[in-house]
1. Report the residue count in region 8-32 for those that are surrounded by fewer than 18 Cβ atoms within 10 Å (Cβ to Cβ) and touching a strand residue (DSSP E or B) at 6+ places or on another chain (Cβ under 8 Å).
2. What's the number of the condition residue 311 fails, among (1) more than 30 Å from residue 240 (Cβ to Cβ); (2) modelled with pLDDT of 95 or more?
3. With the requirement that a residue be within 15 Å of the ligand (Cβ to nearest atom) and farther than 30 Å from residue 300 by Cα, what does region 18-66 give you?
4. Looking only at helices (runs of 4 or more DSSP H) that lie completely in region 55-170, which have at least 1 residues being touching a strand residue (DSSP E or B) at 6+ places or on another chain (Cβ under 6 Å)?
5. Go through region 274-301 and report how many residues are out of contact with any helix residue (DSSP H, G or I) (no Cβ under 7 Å at 6 or more places or on another chain), part of a helix (DSSP H, G or I) and either touching a residue at least 40 places away in the same chain (Cβ under 8 Å) or surrounded by 14 or more Cβ atoms within 10 Å (Cβ to Cβ) (or both).
6. Starting from region 245-263, keep only residues that are at positive phi, then list their pairs with residues that are surrounded by 13 or more Cβ atoms within 10 Å (Cβ to Cβ) whose Cβ atoms are within a distance under 8 Å, requiring at least 6 positions of separation or different chains.
7. Hey, among 316, 312, which residue is more than 16 Å from the ligand (Cβ to nearest atom) and either in contact (Cβ under 8 Å) with a residue 60 or more places away in the chain or assigned to a loop (DSSP other than H, G, I, E, B) (or both)?
8. Can residue 271 be described as within 16 Å of the ligand (Cβ to nearest atom), within 26 Å of residue 241 (Cβ to Cβ) and either in the same structural domain as residue 43 (by TED's automatic domain parsing) or touching a helix residue (DSSP H, G or I) at 6+ places or on another chain (Cβ under 9 Å) (or both)?
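The values are calculated or read from the model by the stated rules, or taken from the named source; none is laboratory data. Note that this is a predicted model, so its numbers are computed, not measured. Cβ placement follows ideal geometry from the backbone for every residue including glycine, while neighbour counts extend to all protein chains displayed.
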Ligand code: SF4
């Protein structure tokens, strides 16, 4: 049965999803991409600037998905429904109501391939829908598939099918070795990760073609494509390449990433915000709250207005407490010390945003 497959890419306001949009437009213009942005109504002004810049680069509108159409903006609308209960990492109703549900409503029952900007130098998974009509792919990685697809393909029970596909899609030179790898069962001695690494080392594009053809008999959105140019893409995009994409395409890196100097008790430091998302996001670090207070005092005051009836954005202290002068100085000093330690360790980048982003469990929907 012929069914149309839609290709969609969500812009979060972060650098990686923006870089992916530029990458897809530049290297895969044949894919008819639909761009969208899930607007919580509480984004930083820099995010809206990035959206406008990208629209002009892409030559396309980025569709704004809103969670509701009441007179109130989306976040405030749902905050009323939740009786003022502020979201937190343990009760993240904001992502569900403001990002996932509007997205899934927009998609409805259409077959969709969703492009996610998780880089090849990152060790995390993005949003993988539980809906069978939505499939995530990751063009910045050496292979493009989500983890649940890979587990299915490399499952021991599928070795015969995969071996047959290697005979069809692999070159003659690699046949013997590829079959050895495929037939070696996964076990504590031969882990899934090693097996995948071995197959990718042999040939990334062959691996992609094998997975694509394996999925033809499974009910995934890519099964409905006749051809897919990403299969032959052996590129891998890391943090350096992301910045390069901004430079090459003349798009400004969002302003909140800019490092700004501060001085405290004779010590110098630099701060910025490490991610996009709502200005009051509970995932931000204390130094980022201070950044908000000093760089966007009006937004900080707005965030403060939400702290009432015993609710606060952080467990340990309120925003009122965090902006007492001695507390600000302490947070800055702690931050300088933490950063120093991290810089002495190994980091993929020497930019603050990347050092900070390295170790925090965050919401992939809001920050990619
Ligand atoms: S940015 Fe933070 S507050 Fe906003 S929707 Fe995402 S997780 Fe929630």
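1. Residues of region 8-32 that are surrounded by fewer than 18 Cβ atoms within 10 Å (Cβ to Cβ), as a first pass: 26-32.
Narrowing the set further to residues that are touching a strand residue (DSSP E or B) at 6+ places or on another chain (Cβ under 8 Å) leaves 31-32.
Total satisfying the criteria: 2.
2. Answer for residue 311: the failing condition is (2).
3. If the condition is that a residue be within 15 Å of the ligand (Cβ to nearest atom) and farther than 30 Å from residue 300 by Cα, then no residue fits.
4. Values: elements: 74-81, 101-107, 147-153, 159-169.
So the answer is 74-81, 101-107.
5. Qualifying residue count for the region: 4.
6. 250/57
7. Numbers: 312 fails: more than 16 Å from the ligand (Cβ to nearest atom).
That would be 316, the only listed residue that is more than 16 Å from the ligand (Cβ to nearest atom) and either in contact (Cβ under 8 Å) with a residue 60 or more places away in the chain or assigned to a loop (DSSP other than H, G, I, E, B) (or both).
8. Values: within 16 Å of the ligand (Cβ to nearest atom): no; within 26 Å of residue 241 (Cβ to Cβ): yes; either in the same structural domain as residue 43 (by TED's automatic domain parsing) or touching a helix residue (DSSP H, G or I) at 6+ places or on another chain (Cβ under 9 Å) (or both): yes.
No: the conditions fail for residue 271.
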